[in-house]
Amino acid sequence: MYLQRRNRILRKSPAIRAMVAETVLTPNDFIAPLFIIEGKNISEEIPSMPGYMRSSLDKTVGHVKELYGLGIKSVLLFVKCDDHLKDNAGTEAINPNGLMQNSIKAIKDACPDIVVITDVALDPYSSFGHDGIVENQQIVNDKTVEVLAAMSVSHARAGADFVAPSDMMDGRIYAIRQALEENNFTQTGILSYSAKYASCFYGPFRDALDSAPGFGDKKTYQMNFANRVEAIKETLMDVEEGADIVMVKPALAYLDIIREVKNAVELPVSAYQVSGEYAMIKAASKLGWLNEEKAMIESLTSIKRAGADLIATYFAAEMARLLTS
Ligand code: PBG
């Protein structure tokens, strides 16, 4: 048989495969999410996220330095708010001496070059476990947006490089950009969770922060996973309203959305490999059913190949360690 084209030539050896690889991961790609808790010298494993910790600020600062040493350029901060501080107004979310604000300052002091991104949503601070203010069992949009804007300004004041609204309220990117401008935070960026789906894959995260909704679900604000066109609409509106980076979340079950968003916008696209995606790989490898390292590399490479310029992932440190070793 004479073949005119033999595609396997380009797969013949590791060297050739490396030469023609279209997608290459680097530590610059990763955003490391961090869970910060009150207290001192505490680091506890999150049961549904094996190998992933919830840590007090002193421990977190050390960890951030380590991440920066591995080549990781950014961290995404989440705090676990004590129950007695939770209410229906987001009071603790805008406390200038709150755990988030203090964490931003401490991390920027200890490691000024790392890019600090902060989660902006009310769920960790909400007595209802919802991302917004609740009235008559409804999550009210406009009042929530006011608090999110104030929260963003308080994060900017503490030194955040980017605020990352993860709430999916309408009009919040516009309101946040305006509030940052009014307060002269012209260097603070917005990483918008533009296409965030109402997903079961957030389960372990809600364990980590004790932030599961107390009633109902999040389907009146987060997107229906049946929809694709809506993701483009949401993202284009966020771009118009002033987002600097847009994000698709979750990642692996939404690779089609990542690609479409990437084709539709002219700014960096991020994807979030969420807690449930991490937990699935960890669980299967614990049972001996998957090779953890290979599953990690393949899933992250696929997310980048789909179009993600940045990936928020609980594998950030593990992957960076592998890439730099
Ligand atoms: C809060 C928020 C969530 C996640 C990031 N920010 C949970 C939710 O929306 O219920 C999920 C992250 C993950 O699962 O890793 N607004």
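What follows is calculated from the coordinates using simple rules that are stated; it is not laboratory data. All values derive from a computational prediction rather than experimental measurement. Cβ sites come from the backbone with ideal geometry, for glycine too, and all protein chains shown count toward neighbours.
To the nearest ten degrees, helix 275-286 and the longest principal axis of the Cα atoms of the chain are 50 degrees apart. Counting only lysines at least 8 places from Lys286 when in the same chain, those with an alpha carbon closer than 17 Å to its own are Lys294.
Take every DSSP beta bridge whose two residues both sit in the chain; close to 15 percent of them are antiparallel.
Distant-in-sequence amide contacts of Phe30, defined by a placed amide H-H separation under 5 Å and a gap of 5 or more residues or a different chain, comprise Lys73, Ile311. Using the Cβ of Arg11 as centre and a radius below 15 Å, the other residues enclosed give a net charge of +4, where K and R count +1 and D and E count -1. Projecting the Cα atoms of Leu255, Val265, Asn224 onto the charge dipole of the chain (Cβ charges, centred on the Cα centre) puts Leu255 farthest toward the positive pole. Note on the chain: semi-axes of the ellipsoid equivalent to its C-alpha gyration tensor, largest first and rounded to whole Å, are 33, 23, 20. Based on C-alpha pairs under 8 angstrom that are at least 6 apart in sequence, region 188-316 has a relative contact order of 28 percent. Mean-square fluctuations from a GNM of the chain, with a 10 angstrom spring cutoff on Cα atoms, peak among Gly51, Gly189, Gly129 at Gly51. Taking 18 Å as the straight-line reach from the Cα of Lys262, the lysines in range (excluding those fewer than 8 positions away in the same chain) are Lys196, Lys233, Lys249, Lys304. The C-alpha atoms of the chain define a longest principal axis, and helix 99-110 lies at about 60 degrees to it.
The mean of 1/r over all distinct Cα pairs in region 225-325, once inverted, gives the Kirkwood hydrodynamic radius of 14.3 Å.
Across every pair of non-identical alpha carbons in region 1-49, the mean reciprocal distance, once inverted, gives a Kirkwood radius of 16.3 Å.
Which of rounded, prolate, oblate describes region 150-246, given a ≥ b ≥ c as roots of the alpha-carbon gyration tensor eigenvalues and a/c under 1.5 marking rounded, otherwise prolate only if a/b is larger than b/c? Here region 150-246 falls in the oblate category. In this Cβ point-charge picture (+1 for Lys and Arg, -1 for Asp and Glu), the chain has a dipole of about 1740 debye about its Cα centre. Sites listed here are trypsin sites (Lys or Arg not before Pro) in region 217-325 whose DSSP assignment is loop and whose Cβ has at most 16 other Cβ atoms within 10 Å: Lys219, Arg228. Computed from backbone phi with θ = phi - 60° and the Karplus coefficients 6.51, -1.76 and 1.60, the 3J(HN,Hα) list for region 136-150 is 6, 6, 10, 8, 7, 6, 5, 5, 4, 4, 4, 5, 4, 5, 5 Hz; x is used for glycine and proline. Normalised by the number of residues in the chain, the mean separation of alpha-carbon contacts (under 8 Å, six or more apart) gives a relative contact order of 18 percent. Largest GNM mean-square fluctuation across Val229, Val61, Val261, computed for the chain with C-alpha springs under 10 Å, falls on Val229. Computed from the alpha carbon atoms alone, the convex hull of region 127-170 holds 76 Å³ per residue. Working from the Cα coordinates of region 62-149, the gyration tensor eigenvalues give, after taking √(5λ), semi-axes of 29, 12, 11 Å in decreasing order.
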